[in-house]
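Structure first, commentary second.
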Amino acid sequence: MYQALQITQPESGYRCDLTELDDSALPEGDVTVQVAWSTINYKDGLAITGRSPVVRKFPMVPGIDFAGTVIDSQHPRFKAGDRVVLNGWGVGETHPGGLAQKARVKGDWLVALPAGFSERDAMAIGTAGYTAMLCVQALQDHWAARGVNPGSGEVLVTGAGGGVGSVAIALLAALGHTVVASTGRPAEADYLRSLGAADVIDRATLSAPGKPLQKERWIGVVDSVGSHTLANACASTRYGGAVAACGLAQGMDLPASVAPFILRGVTLYGIDSVMAPMARREAAWAALDRLIDRPKLAAMTRAIPLAQALQAGQDILAGQVRGRLVVDVNA
Ligand code: NDP
């Protein structure tokens, strides 16, 4: 038996409960993992509350990521005792996920945990932080191709107080960039500066409808917010700059014009972490191991037991979670 959150869809609605499951509830897969830590990402909030239809099979164990130790493997790359991390692939949406003490998945989905990370560190980064790394890598590749050096301009991070935003600030600062953090929580300005932000701006300056072309400011943007914020970020990106878009915390719409793209050569990169190929995942985790400052990671992270994950799902959608929430599934 093992403890897990489980989402069901009884006739009268949608429920998520802490429950005990028998090993026979584990799905198909060639690797079984003793989960140590999982997390609460924005998408987990959507799954736990049922706010958006991210869960497409019932019953479902939520949790789009986990870190733990292999108990049993039929996969050639993994053996019992190996430490692994999983992000995405529909886990926690169409395949039972990480908010449980055990998980069974395809070995092809797993990344070997870099030796420099504990399982808790790996989940302090989690899917939010790994996605932040994918965004930063898209910007780095863009800048490298154009000979843009760190320090040559400001980089904007939106949704700065959230998981993707907090990790993106720490990574960009570690690379020597001047980071401007956009937040709706001015009280968190000191926290954002402690992660490496040089300046903190009110997200209201970006979240309302704006002109198609605005004063050129950013050499790059990491945007986890979407909607008008993403449109304004593109409109204020400097000639030849780039925007990495990964999220929709403000909205899924993109009320923008083509002006920044055709008049300033701005590039908009779409970042998907869920189906990213293995080589990109391994490169991202290796870069995270090199770049992420462990004390900063600890400062942006709070741990909760599995039973509190239900409430945390509501809190993250309400924008009340600062940085990252890790879940001790064995507490
Ligand atoms: P968080 O909730 O931790 O962070 C989102 C942040 O966005 C909030 O903390 C808040 O920051 C800001 N925000 C919230 N609501 C609004 C609003 N109405 N208008 C403007 N800003 C708002 O979530 P995550 O960091 O886990 O995820 C961020 C986004 O990235 C989500 O949309 C998520 O689905 C997406 N994502 C996408 C992935 C992919 O593969 N493409 C992978 C991981 C995440 P503040 O208070 O500082 O303003």
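Where a number appears in this text, it was derived from the coordinates with a stated rule and is not lab data. These numbers come from a predicted model, not from an experiment. Here Cβ is always computed from backbone atoms with ideal geometry, including for glycine, and neighbour counts include all displayed protein chains.
If you wrap a convex hull around the alpha carbons of the chain, what volume per residue comes out, as a whole number of Å³? Intermediate results must be reported in sequence, preceding the final value.
Working: hull volume 41.9 nm³, N = 331.
Roughly 127 Å³ of hull volume per residue.
Using the crude model of +1 on Lys and Arg Cβ and -1 on Asp and Glu Cβ, and no other charge, please compute the dipole size for the chain relative to its Cα centre, in debye to 20. List each step's numbers first, then the result.
On the way: 29 positive and 30 negative charges, 168 e Å.
Here the size comes out at about 800 debye.
Excluding D272 itself, calculate the net charge of residues whose Cβ lies under 15 Å from the Cβ of D272, where each Lys or Arg counts +1 and each Asp or Glu counts -1.
Details: positive: K43, R280, R281; negative: D65, E93, D223.
Charge balance in the 15 Å sphere: 0.
Between segment 215-262 and segment 82-134, how far is it from one alpha carbon centroid to the other, in angstrom?
The two parts, judged by their Cα centres, are 29 Å apart.
Tell me, what is the FRET efficiency for S152 and D289 to the nearest 0.05, using R0 = 25 angstrom and their Cβ-Cβ distance as r?
On the way: r = 27 Å, r/R0 = 1.06.
After rounding to 0.05, the efficiency reads 0.40.
For S12 and E282, calculate 0.36 nm times their separation in residues minus their Cα-Cα distance, and state this gained length in nm to one decimal. List each step's numbers first, then the result.
On the way: separation 270, 0.36 × 270 = 97.20 nm, distance 4.28 nm.
Taking S12 through E282 to full extension adds about 92.9 nm, to one decimal.
Among V274, V243, V136, which one moves the most in a GNM of the chain with springs linking Cα atoms closer than 10 Å?
V274
Given labels modelled 7 Å from the Cα in the Cβ direction, how far is it in nm from D315 to M275?
3.4
For D293, D22, which order do you get if you count the other beta carbons within 10 Å of each Cβ and list the fewest first? The partial results should precede the final answer.
On the way: D293 14, D22 8.
Ordered from fewest to most neighbouring Cβ atoms within 10 Å, D293, D22 come out as D22, D293.
Antiparallel DSSP bridges in the chain: what percent, to the nearest 5? Walk me through the numbers before you get to the answer.
Details: 31 of 60 bridges.
Of all bridge pairs located within the chain, approximately 50 percent are antiparallel.
Most mobile of A312, A197, A279 per a Gaussian network model of the chain (Cα springs, under 10 Å)?
A279
Could you tell me whether segment 145-267 comes out rounded, prolate or oblate from its Cα gyration tensor? Rule is a ≥ b ≥ c as square roots of the eigenvalues, rounded for a/c under 1.5, then prolate if a/b exceeds b/c, otherwise oblate. Before the final figure, lay out the partial values.
On the way: a/c = 1.88, a/b = 1.18, b/c = 1.60.
Here segment 145-267 falls in the oblate category.
Can you give the extra length, in nm with one decimal, that the chain gains between A303 and Q74 once fully stretched, where that is 0.36 nm per residue apart less the Cα-Cα distance?
Working: separation 229, 0.36 × 229 = 82.44 nm, distance 3.23 nm.
Difference between extended and current length: 79.2 nm.
Of I64, I262, I48, which has the largest mean-square fluctuation in a 10 Å C-alpha GNM of the chain?
So, out of I64, I262, I48, the one fluctuating most is I262.
Evaluated at 25 °C with a viscosity of 0.890 mPa s, what Stokes-Einstein diffusion coefficient in µm²/s does segment 212-331 have when Rh comes from the Kirkwood expression over alpha-carbon pairs?
On the way: Rh = 16.8 Å.
The estimated diffusion coefficient comes to 146 µm²/s.
Can you give me the distance in nm between label points at D199 and A259, each placed 7 Å from the Cα along the Cα-to-Cβ direction?
Distance between label points: 2.1 nm.
Tell me, what is the FRET efficiency for E28 and S118 to the nearest 0.05, using R0 = 35 angstrom and their Cβ-Cβ distance as r?
On the way: r = 29 Å, r/R0 = 0.84.
E(calc), rounded to 0.05, equals 0.75.
If neighbour count is taken as other Cβ atoms inside 10 Å, put L230, L172, L18 in order from fewest to most.
L18, L230, L172
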